[in-house]
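First the structure, in the form of structure tokens, and then the observations on it.
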Amino acid sequence: MAKVAREMVEKTGIDVDQLVALLVKNASAELTTFYYYTILRVNLIGLEGEGLKEIAETARIEDRNHFEALTPRIYELGGKLPGDMKVFHDISACPPASLPADPTDIRAMLNVLVEAERCAVRGYTYLCNLTAGKDHRTYDLCLAILNEEIEHEAWFSEFLGEGPSGHFLRRGDTSPWVGKFLR
Amino acid sequence: MQERQFTIAELSRYNGKSGAPALIAYHGLVYDVSASFLWQNGSHWVLHGAGADLTDELVDAPHSAELLKRFPVVGILHHADV
Ligand code: HEM
């Protein structure tokens, strides 16, 4: 644990144990989404599915990166990941992004993907609001993740015909925002 | 079922713990969120608990009351308590 780093956050009035619990829940959401997106990506095949495969893969890798980036902050603040993976799965901040009953229904696949991203956008917005001007490091991390989640939402939302976002696919490395926490 | 009236004391028994259903009140209506992954054991994001009137707490949430429409209304909060 980073003793003074935790103390500084406590001094702002933030309930650090509660914040850590929220970070653990979001770390779970990221790792479980990485897992469920693997299954979605494998099933994104055929004339319609192939076109989605690449962004699903980018979102999948970036979600795993989010898990990697959240973990050190949890331990710095005196928290830890649950020893039991089943417990970890069940405390996720977002519902499982399960494969639709009919995986050839590409709209159903897109709905699962966009709903998962929307849950994440909501969650990190809450965490940013909670930490803004108080816990600078957690805020910086959550803001970086939020930037990527918003782009993921936009990619899938465009495919659903909800209007343009002005985004391109990633060019170059994944995690342009969160990358600084992974080096 | 929709006609059922709950007092705050009755509602508090449906806190999602030890197999009890998870019911929450919002603007006088009582919703059953037991089926939600995000309300397991009656706890939502470690911040909110079932078995209570959460009308005031939704103000800080990163979502609107729209999401409540995913769940059935099982009664109304007793008038005296609203
Ligand atoms: C203030 C803190 C809160 C936070 C951080 C929070 C966070 C969230 C998040 C991230 C979701 C997932 C949204 C999505 O799928 O896009 C969600 C869903 C939901 N929230 Fe909240 N929420 C809060 C308060 C509340 C309150 C006070 C209520 C009730 C009055 C509530 C009721 C719900 C319901 C019913 C859902 C849908 C669950 C489902 O579809 O299974 N939330 N919340």
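Given (1) in contact (Cβ under 8 Å) with a residue 24 or more places away in the chain; (2) among the charged types (D, E, K, R); (3) assigned to a loop (DSSP other than H, G, I, E, B); (4) within 21 Å of A:Phe67 (Cα to Cα), identify the lone condition not met by A:Asp173.
If we test A:Asp173 against (1) in contact (Cβ under 8 Å) with a residue 24 or more places away in the chain; (2) among the charged types (D, E, K, R); (3) assigned to a loop (DSSP other than H, G, I, E, B); (4) within 21 Å of A:Phe67 (Cα to Cα), just (1) comes out false.
Which is closer than 17 Å to A:Glu153 by Cβ, hydrophobic (A, V, I, L, M, F, W, C), away from every other protein chain (no Cβ under 11 Å) and surrounded by 15 or more Cβ atoms within 10 Å (Cβ to Cβ), of A:Ala69, A:Ala59, A:Ala120, A:Ala93? Break it down stepwise before answering.
Working: A:Ala69 fails: closer than 17 Å to A:Glu153 by Cβ; A:Ala120 fails: away from every other protein chain (no Cβ under 11 Å); A:Ala93 fails: away from every other protein chain (no Cβ under 11 Å).
After applying the criteria, what remains is A:Ala59.
Please work out which one of (1) among the small types (Gly, Ala, Ser); (2) surrounded by 15 or more Cβ atoms within 10 Å (Cβ to Cβ); (3) farther than 21 Å from A:Glu115 by Cβ is the condition B:Gly19 fails and give its number.
Going through the list (1) among the small types (Gly, Ala, Ser); (2) surrounded by 15 or more Cβ atoms within 10 Å (Cβ to Cβ); (3) farther than 21 Å from A:Glu115 by Cβ, B:Gly19 breaks only (2).
For the stretch A:127-149, what are the residues that are under 27 Å from A:Glu7 (Cα atoms), touching a residue at least 24 places away in the same chain (Cβ under 8 Å) and within 12 Å of the ligand (Cβ to nearest atom)?
Residues satisfying the conditions are A:Leu127, A:Leu130.
From the set of residues in the stretch B:66-82 that are closer than 16 Å to A:Cys119 by Cα and near the ligand (Cβ under 7 Å from one of its atoms), which is most open to solvent (accessible area, probe 1.4 Å)?
The selected residue is B:Arg70.
Can B:Asp60 be described as open to solvent by 60 Å² or more (accessible area, probe 1.4 Å) and within 7 Å of the ligand (Cβ to nearest atom)? Full working, then the answer.
Details: open to solvent by 60 Å² or more (accessible area, probe 1.4 Å): yes; within 7 Å of the ligand (Cβ to nearest atom): yes.
Taking the combined requirement at face value, the residue satisfies it.
The values are calculated or read from the model by the stated rules, or taken from the named source; none is laboratory data. Since the model is a prediction, treat every value here as computed from it, not as a measurement. For neighbour counting, all protein chains shown are included, and Cβ atoms are generated from backbone atoms with ideal geometry for every residue, glycine included. Please note that ligands, DNA and RNA were not included when accessible areas were found on the heavy atoms of the full protein model with its side chains. Shrake-Rupley method; radii C 1.70, N 1.55, O 1.52, S 1.80 Å.
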